[in-house]
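This report refers to the structure that appears directly beneath it.
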Amino acid sequence: MTSNNSALHPGSYLDQQGKYKGILGWLTSTDHKRIGILYLMCILVFFLVGVTLGGVMKLELLRPGEQYIDAQTYNGFFTVHGIIMIFMVVIPGLAAVFGNFFLPIMIGAKDVAFPRLNLFSWYIYIVGAAIAVLSQFGGKGAPDTGWTFYAPYSIDSNTNVTTAVLAAFVLGFSSILTGLNFIVTIHRMRAKGMTWFKMPLFPWSLYATAWIQVLATPIVGITLLMVIAERTFRIGFFDPSLGGDPILYQHLFWIYSHPAVYIMILPAMGVITEIIPTFCQRKVFGYQAIVLSSLAIAGVGYLVWGHHMFTSGMSDFSRMAFSFLTFIVAIPSAIKVFNWIATMYKGSIKINTTFLYSISFIFQFMIGGLTGLTLGALATNVHVHDTYYVVAHFHYIVFGGMGFAFFAAIHYWFPKMFGRMYNEKLGKIGWAIVFSGFTLLYFPMFILGLQGMPRRYFDYLPEYSGGHFISSIGAFVLITGIIIMVYNLFRSAKKGELAPANPWDGRTLEWTIPSPPPLENFDNEVVVTEHPYDYK
Amino acid sequence: MFQGASNFAKGVDSAFFFIFAISIFFLVGLTIVMIWFMVHYNRKRHPKAEQIKDNMKLEVTWTVIPLIIVMLMFYYGYAVFKPMRQVPDDAMVVKVTGRMWNWSFEYANGKISNELVLPVGKAVKLNLFSPDVIHSLYIPAFRIKEDMVPGKDNYMWFIPNIEGTYEILCAEYCGLRHSFMEAKTRIVTEEEFQKWFAEETPIVPEDKGLAILQNNACTSCHSLDGSKLVGPTFKGLFGSERLVMENGVEKTVTADSTYIKRAILEPDKEIVKGFAPGMMRAYDKVITEDDIKAIVAYFESQSKLPN
């Protein structure tokens, strides 16, 4: 994907630089753009592994009863699917790939504040990922606890839970260091004249995200260490038979893992906020409202974790308080949706693959958000808690939201990153299949959940078979679409038309430099005088 | 699905209806606006964008109106939920134990059943217990769910108001046979219930050993009829020759009383060939010495039955 482009224009970041050639040149480069590409390749691989595991589960669930894999294998599959998708794909996701590549360029900097630390973060990510892969093999089999590692089951399970937990612990450090790097970069390295309120909105969303990464991740780190200590030395933190408290585990776990949802979705919102103005050729509507809503989501998002525990036996007052706070956090998300749609008003809209992924992001994010309201309300939560309704809801946010924003981002910035245009026709066909497959796969799960189908079930009662059947068909359609999309991108990176510097007529700084960008991005020092979205 | 089979069902369903109605209004409305913009302001039709200034009044409007709406949703959800935690004084109490991987229901008179039989129209309080990991008692038709957390006393209550049989499911992932952890609740008339309640329970077997096996959910994984579940069947166990793996070495042992005791206390030591290790917990603090004797006696009595 990277070798053929060196002829495009001399001095591009894709050309050999430093003392090593080929793959070693990539593995030792501290260039933020190369590190972004390293993350992209790893995340692509892990994403496809996660998709495959999901696909096998849907195949098993096509009909009731045991078909291809047994219950223990199935339990391992949904656990590993969760660990890979959450800790190795969506949490690093947009921030590590597009944040690394575009944050310095969009604020007019030559690199991040700590380039070596940046490369180190990637190596930590690789070590964590390797441990996670290792946990699947050997010992007493793949972990079977679900990605949430709920105690006391995670304390009792004989499978490789310790290794899997250790992997999540190590991956956390990568996330913390990337967050720290971005905070310092944004504070210290903005171009001359780029005041806080002249900074583009994708960097703003990364800024809000980075604070969550730095402040929340240590909590899950210490929690996972406690699980390891309890499994190894039988110290009673969480297992009541050792004198521990299982509810304490859930609090500690969700204090991080709920904000982690915002680590995923805030950069996704940032991407969409870049794309909509560009393809509408219009100044973004409500710049300050969008900035403030990002900060509000990051802030209030800390205080809503208890809504994962409405049926846990937590005190009745806590249930009420967390329900209240959950409804508050819905507001800044709604503000963003209104501003995106308002930005389209009287614009000059170009509908291409990038824009179609962005529009489907907004549509699916609305469904994910609105179904979150029934989960936030106490009475309705009790019925659908821990059912397929929840599975549908978070896939609409995490995949329909963050995943689709990732697809939008890779199409949007593809010409800049690889110096070539993607094939528009194949891109649109891929989008149509991905979108239909997604809807077929996840929408029936809302109905299944309302009918009372609990999640993490290897087998199900006959009354749920219709929904499962449609959902499985959707999975195969979706996988077909993903294959077409990935094929198109790989093919275009080699054979696509050469891309101009500014193919979409964007206004942010990355469109002012050649495609692909030169090693240190800008030849001269950048001076910013205008607002980032000043269309004339 | 939407049969209101308990006193809470109607309230919960109307809360769903309220939130869904508003959600669908916004989803459909905003989607139509979005598509209309895409058609009307398409570059072919509208080649030059008009720059619009930010509008503070608009921002405030679409902050305040949704805020009011979600506060109503919060209140509605809370108001319907609140009575779920306020148990009436005259509620009949049933102790529910959920364990890996079955349910048992113990009534005030000591009667133990694996089916929850209740009189229609009468309040019942379920006290929820788990001896091992977290389970969650879920009756979809009644719109209720609450976790059973080891070491913690949780409860739920409801009034079943339509006669019939409904599914009880486990909603919190609890391991290998989580999706098979099912039971039924049978809602009957007061007279039928009293008759059932007073009856000697037919499901508690005369043999104490079998009762212990069932109450500890042994029979969820080890069948009595020869079928292969998670573990080897109990049928024809006593006195049989067993091919087992001990530390990777194959050997043959006779299933006598010491073997059975070992298999209960240290299940991973010798694994019957063809089965996976690590599936069964050690029962060293759960099943007492006397209980093991009763279990062995039961197996012995079974082996003497004519085939």
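Net charge near A:LEU242: determine it from the other residues with C-beta under 10 Å of the C-beta of A:LEU242, scoring Lys and Arg +1 and Asp and Glu -1.
Working: positive: A:ARG234; negative: A:GLU230, A:ASP239.
Taking every other residue near A:LEU242 into account, the sum is -1.
Could you tell me which chymotrypsin sites (Phe, Trp or Tyr not before Pro) in the range B:231-304 are loop residues by DSSP with no more than 16 other beta carbons within 10 angstrom of their beta carbon?
B:PHE275
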What translational diffusion coefficient, in µm²/s and rounded to a whole number, does the Stokes-Einstein relation yield for the range A:3-512 at 4 °C and a viscosity of 1.567 mPa s, taking the hydrodynamic radius as the Kirkwood radius over Cα pairs? 55 µm²/s
Using helices alone, I'd like the mean residue ellipticity at 222 nm for chain A: each DSSP H run of four-plus residues gives -39500 (n - 2.57), total over residue count, nearest 500. -21000 deg cm²/dmol
Sequence-separation-based contact order of the range B:92-198, relative, with Cα cut under 8 Å and 6+ spacing, percent: 30 percent
Ranked by GNM mean-square fluctuation in chain B (Cα springs under 10 Å), the top entry among B:THR165, B:THR233, B:THR63 is B:THR63
Please report, in debye to the nearest 20, how large the charge dipole of the range A:3-512 is about its Cα centre when each Lys and Arg carries +1 at its beta carbon and each Asp and Glu carries -1 there. 1920 debye
Classify the range B:92-198 as rounded, prolate or oblate from the Cα gyration tensor: take a ≥ b ≥ c as the square roots of its eigenvalues, call it rounded if a/c is under 1.5, otherwise prolate when a/b beats b/c and oblate if not. prolate
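Suppose a student asked you for the relative contact order of chain A, using Cα pairs under 8 Å spaced at least 6 residues apart; what percent would you report?
Numbers: 891 pairs, mean separation 96.3, N = 536.
Contact order relative to length: 18 percent.
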Give me the aspartates and glutamates in straight-line cross-link reach of B:LYS53: C-alpha distance below 14 Å, same-chain residues under 8 apart excluded. A:ASP534
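Inside 10 Å of the C-beta atoms of A:336-344, what's the mean count of C-beta atoms belonging to other chains? Please report the intermediate quantities before stating the final value.
Numbers: counts 0, 5, 7, 4, 2, 5, 8, 3, 8.
The shielding value for this peptide is 5.
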Tell me the relative contact order for the range A:50-111 as a rounded percent, counting alpha carbon contacts under 8 Å between residues six or more apart. 33 percent
The computed P(r) of the range B:208-303 puts the percent of Cα pairs beyond 18 Å at 41 percent
Separation between Cα centres of the range A:272-334 and the range A:486-500, rounded to whole Å: 37 Å
Gap in Å between the Cα centre of the range B:41-116 and the Cα centre of the range B:256-275? 47 Å
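Translational diffusion coefficient, Stokes-Einstein: compute it for the range B:9-85 using the Kirkwood radius over C-alpha pairs as Rh, at 4 °C and 1.567 mPa s, and state it as an integer in µm² s⁻¹.
On the way: Rh = 15.7 Å.
For the chosen part, D equals 83 µm²/s.
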So what's the angle, to the nearest 10 degrees on a 0 to 90 scale, between helix A:465-495 and the longest Cα principal axis of chain A? 30 degrees
Positive-end extreme of charge dipole, the range A:116-241 - chosen from A:VAL170, A:LEU119, A:GLY141 (charges on Cβ): A:LEU119
Dipole of chain B (Lys/Arg Cβ +1, Asp/Glu Cβ -1, origin at the Cα centre): which of B:VAL60, B:VAL94, B:ALA9 lies farthest to the positive side? B:VAL60
Could you work out how far the C-alpha centroid of the range A:97-130 sits from that of the range A:406-432, in angstrom? 23 Å
Using the structure shown, select from B:LYS95/B:LYS304; B:LYS122/B:LYS152; B:LYS145/B:LYS235 the pairs with a Cα to Cα distance greater than 29 angstrom. B:LYS95/B:LYS304; B:LYS145/B:LYS235
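Go through A:LYS19/A:LYS192; B:LYS195/B:LYS261; B:LYS208/B:LYS228; A:LYS495/A:LYS536 and tell me which ones have a Cα-Cα distance over 28 Å in this structure.
Details: A:LYS19/A:LYS192 32 Å; B:LYS195/B:LYS261 40 Å; B:LYS208/B:LYS228 24 Å; A:LYS495/A:LYS536 34 Å.
From A:LYS19/A:LYS192; B:LYS195/B:LYS261; B:LYS208/B:LYS228; A:LYS495/A:LYS536, over 28 Å: A:LYS19/A:LYS192; B:LYS195/B:LYS261; A:LYS495/A:LYS536.
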Suppose we flag chymotrypsin sites (Phe, Trp or Tyr not before Pro) only when DSSP calls them loop and at most 12 other Cβ atoms lie within 10 Å. Which is the longest uninterrupted stretch of chain A? A:138-536
Please list the helices of chain B that count as membrane-span-like by this rule: a mean Kyte-Doolittle hydropathy of at least -1.0 together with Cα atoms stretching 27 Å or more along the helix axis, each helix being a complete DSSP H run. B:9-40, B:56-81
Convex hull volume per residue for the range A:401-466, taking Cα atoms only, in Å³: 114 Å³
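Grab the other residues whose beta carbon is less than 15 angstrom from that of B:LYS53, score K and R as +1, D and E as -1, and report the net.
Details: positive: A:ARG282, A:LYS283, A:LYS346, A:LYS536, B:LYS57; negative: A:ASP534, B:GLU50, B:ASP54, B:GLU59.
Around B:LYS53, the surrounding residues sum to +1.
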Treating the angle as unsigned and between 0 and 90°, give the value, to the nearest 10°, between the Cα long axis of helix A:316-344 and the longest Cα principal axis of chain A. 30 degrees
Semi-axes (Å, rounded, descending) of the ellipsoid equivalent to the range A:319-455 per its C-alpha gyration tensor are 32, 19, 11
If one takes the longest principal axis of the Cα atoms in chain A, at what angle in degrees, from 0 to 90 and to the nearest 10, does the Cα axis of helix A:71-83 lie? 40 degrees
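Can you tell me the length gained on complete extension of the stretch B:ASP256 to B:GLU182, counting 0.36 nm per residue apart and subtracting the Cα distance? Let's see the in-between values first.
Working: separation 74, 0.36 × 74 = 26.64 nm, distance 3.31 nm.
The span from B:ASP256 to B:GLU182 would gain 23.3 nm if fully extended.
Within the range A:19-124, list the trypsin sites (Lys or Arg not before Pro) lying in a DSSP loop whose Cβ has at most 10 other Cβ atoms in a 10 Å radius. The partial results should precede the final answer.
Details: sites: A:LYS19, A:LYS21, A:LYS33, A:ARG34, A:LYS58, A:LYS110, A:ARG116; in loops: A:LYS19, A:LYS21, A:LYS110.
Counting only loop positions with at most 10 other Cβ atoms within 10 Å, the trypsin sites (Lys or Arg not before Pro) in the range A:19-124 are A:LYS19, A:LYS21.
Where the only charges are on Cβ atoms (+1 Lys, Arg; -1 Asp, Glu), what is the dipole of chain B about its Cα centre, to the nearest 20 debye? Walk me through the numbers before you get to the answer.
Details: 34 positive and 36 negative charges, 318 e Å.
Result for chain B is approximately 1520 debye, rounded to the nearest 20.
Every number in this text was worked out from the coordinates using simple rules, so none of it is lab data. The structure presented is a predicted model; accordingly, all values stated were derived computationally and were not measured. Glycine gets a Cβ as well: all are built from the backbone with ideal geometry, and neighbour counts include every protein chain shown.
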